[in-house]
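The values are calculated or read from the model by the stated rules, or taken from the named source; none is laboratory data. These numbers come from a predicted model, not from an experiment. Reconstructed Cβ throughout: ideal geometry from the backbone, glycine too, with neighbour counts over all protein chains shown.
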Amino acid sequence: MTDTARAIEDQAIVLVGASGSGTSTVGRLLAAELGREHLDVDAVIAQRAGKSVPDIFIDDGEAAFRAIEESTTIELLERPAVLSLGSGAVLSESVRAALRGRQVFWLQVSAGTAAERVGLTAARPVGFGNVRGRLIQLLNLRAPLYAEVATSSVATDDHTADEVVGRILERLGG
Ligand SMILES: Nc1ncnc2c1ncn2[C@@H]1O[C@H](COP(=O)(O)OP(=O)(O)OP(=O)(O)O)[C@@H](O)[C@H]1O
Ligand SMILES: O=C(O)C1=C[C@@H](O)[C@@H](O)[C@H](O)C1
Ligand SMILES: [Mg+2]
């Protein structure tokens, strides 16, 4: 193995994207394909807190969640895992700085598709009220931040999660 290949193997593979882009699902499948650990930052936070992310928002407030999200994300970036970031993690300048120089895949999704996907799953903070309208707002705000940190982007609207994994594997191999 070349030094470059070894250096890449030691590095986290990071997935970013809006809620419903598939960061959790694709991350789990990609990690299985690569034989790597999968770390979902939302899941790690919930496990450590002993309560769900929506409950942390309700009990402790968004600012408290963002502080935990920032430190947890930066900590987990040091692991040679597939890392699924929370959709709002890129709001943090410190997280964006920590992502520089890393392999970051942006899973792109339209608001319509994201709403269909998250509308069918368990409650989450962005799911309160008008799901599609809220997702459009969040996408407009966050798309430039995903673009800033991403080294590669993958369209997901008309592709299954397995197809998205295939696209990422092609790019990792290339
Ligand atoms: N490419 C895809 N095609 C069809 N359905 C998908 C795809 N990717 C994910 N899904 C489905 O969409 C739903 C949301 O996916 P997932 O939980 O992975 O999104 P997420 O980006 O992690 O969202 P959040 O930021 O809210 O955690 C799940 O039901 C999942 O099975
Ligand atoms: O869009 C957001 O701000 C969030 C997305 C989820 O990944 C969670 O991190 C939480 O629900 C907040
Ligand atoms: Mg997720």
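Candidates are the residues of the range 1-42 that are part of a loop (DSSP other than H, G, I, E, B) and more than 22 Å from residue 157 (Cβ to Cβ); the one that is modelled with the lowest pLDDT is 1. Taking the criterion of being crowded, with 16+ Cβ neighbours inside 10 Å and free of Cβ contacts under 8 Å to residues at least 40 places away in the same chain, the residues of the range 50-65 that qualify are 52, 56, 65. Filtering the range 95-114 to residues that are of a type in the set (Lys, Arg) and either farther than 23 Å from residue 29 by Cβ or within 11 Å of ligand 2 (Cβ to nearest atom) (or both) leaves 96, 100. Over 16 Å from residue 167 (Cβ atoms), among the acidic types (Asp, Glu) and within 15 Å of ligand 1 (Cβ to nearest atom), is that true of residue 10? Judged against the criteria, residue 10 is not a match. Restricting attention to the range 97-128, the residues being surrounded by 17 or more Cβ atoms within 10 Å (Cβ to Cβ) and modelled with pLDDT of 95 or more number 9. Restricting attention to the range 15-33, does a residue exist that is without any contact (Cβ under 8 Å) to a residue 12 or more places away in the chain and more than 23 Å from residue 137 (Cβ to Cβ)? Among the residues of the range 15-33, at least one is without any contact (Cβ under 8 Å) to a residue 12 or more places away in the chain and more than 23 Å from residue 137 (Cβ to Cβ), which makes the answer yes. Within the range 77-94, the set of residues being surrounded by 18 or more Cβ atoms within 10 Å (Cβ to Cβ) and away from ligand 2 (no atom under 12 Å from the Cβ) comprises 77, 81, 82, 83.
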